[in-house]
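Here, each number is a calculation from the coordinates, and none is a lab measurement. All of these numbers come straight from a predicted model, not from anything done at the bench. Cβ atoms come from the backbone with ideal geometry, glycine included; neighbour counts cover every protein chain shown.
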Amino acid sequence: MIRSLSKGQKAALIVNECQVGLLEPKLSMFPALGEQAAARNMVANIAEVVKAFRARGFPIFFTPALQRKDMADKKINSLISAMSAKAGNLIEGTPEAAFSPGLEPEADDFVIQRGSGLIATLGTSLDLTLRRMDVETLVVTGVSTNVAIPGITISAVEFGYHVVIPEDCIAGADPDAHKTIIEHQLRMMATITDRQSVIAAISGADAGGKAA
């Protein structure tokens, strides 16, 4: 039983930065990240959770990083932002910026994009939209375990949400770092579980996204 999915809280699914330019090893600015995502079968695992959320009519939020061609609003204030700007492979409208095959949004899904910054919960309309929909629990998936997933988790907990992370639906650039972050950081703030447990939990929820 997943506590925050079994006590009546309305849940939403976050699919973070699952894009060709990050997850395709030959195109990724972080090839090791793409390799780890592939090794963990992450895209297919997330797709199972997406399918379950859609079947129940629960909200799904895709949160891509999409940059302007001129990067006029991108602040180069960290190594990762400099690497991203140099790679230039998340420019809006390019093939690399596209959603990973198998994880494309559908008409009823939400797409909350950002042009700069590191996490989807800050500087976007994501939090406000979730609050308007009375969402209380976030199921967080995608990349990366190194930066965005901890950032989303910390900010979400600060904002008052419960966070659930199916561990087989996230990936980082290094398996040892992934394990360390899960065991020594994320588990202190989120419920760490797997996709099958999430699917089982929401299967017993009502059409409003709340556990029955």
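How many residues does the stretch 149-177 hold that are assigned to a helix (DSSP H, G or I) and either buried (at least 22 other Cβ atoms within 10 Å of the Cβ) or without any contact (Cβ under 8 Å) to a residue 60 or more places away in the chain (or both)? Don't jump to the end; show me each part of the working.
Of all residues in the stretch 149-177, those assigned to a helix (DSSP H, G or I) come to 149-159, 167-169, 175-177.
From what is left, the residues that are either buried (at least 22 other Cβ atoms within 10 Å of the Cβ) or without any contact (Cβ under 8 Å) to a residue 60 or more places away in the chain (or both) are 149-159, 167, 169, 176-177.
Total meeting the criteria: 15.
When the residues of the stretch 107-128 are filtered to those that are over 16 Å from the mean Cα position of the chain (by Cα) and not small (Gly, Ala, Ser), which remaining residue is farthest from residue 151 (Cα to Cα)?
The extreme case among them is 108.
Considering the stretch 51-74 alone, what residues qualify as being in a loop (DSSP other than H, G, I, E, B), in contact with a strand residue (DSSP E or B) (Cβ under 8 Å, 6 or more places away or on another chain) and farther than 30 Å from residue 202 by Cα?
66, 68, 69, 74, listed by residue number.
Does the stretch 91-114 hold any residues that are part of a loop (DSSP other than H, G, I, E, B) and over 25 Å from residue 26 (Cβ atoms), and which are they?
Those that are part of a loop (DSSP other than H, G, I, E, B) and over 25 Å from residue 26 (Cβ atoms): 106, 107, 108, 109, 112.
Listed here are the residues, each with its yes/no results for (1) hydroxyl-bearing (Ser, Thr, Tyr); (2) touching a Leu at 6+ places or on another chain (Cβ under 6 Å); (3) closer than 18 Å to residue 10 by Cβ.
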position	(1), (2), (3)
117	no, no, no
122	no, no, no
126	no, no, yes
130	no, no, yes
140	no, no, yes
169	no, no, no
185	no, no, no
191	yes, no, yes
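Of the residues that sit in the stretch 156-181 and are under 12 Å from the mean Cα position of the chain (by Cα) and not small (Gly, Ala, Ser), which one is nearest to residue 31 (Cα to Cα)?
Filtering first and then ranking leaves 170.
Suppose we filter the stretch 75-90 for residues that are β-branched (Val, Ile, Thr) and in a helix (DSSP H, G or I); how many remain?
The number of residues fulfilling the criteria is 1.
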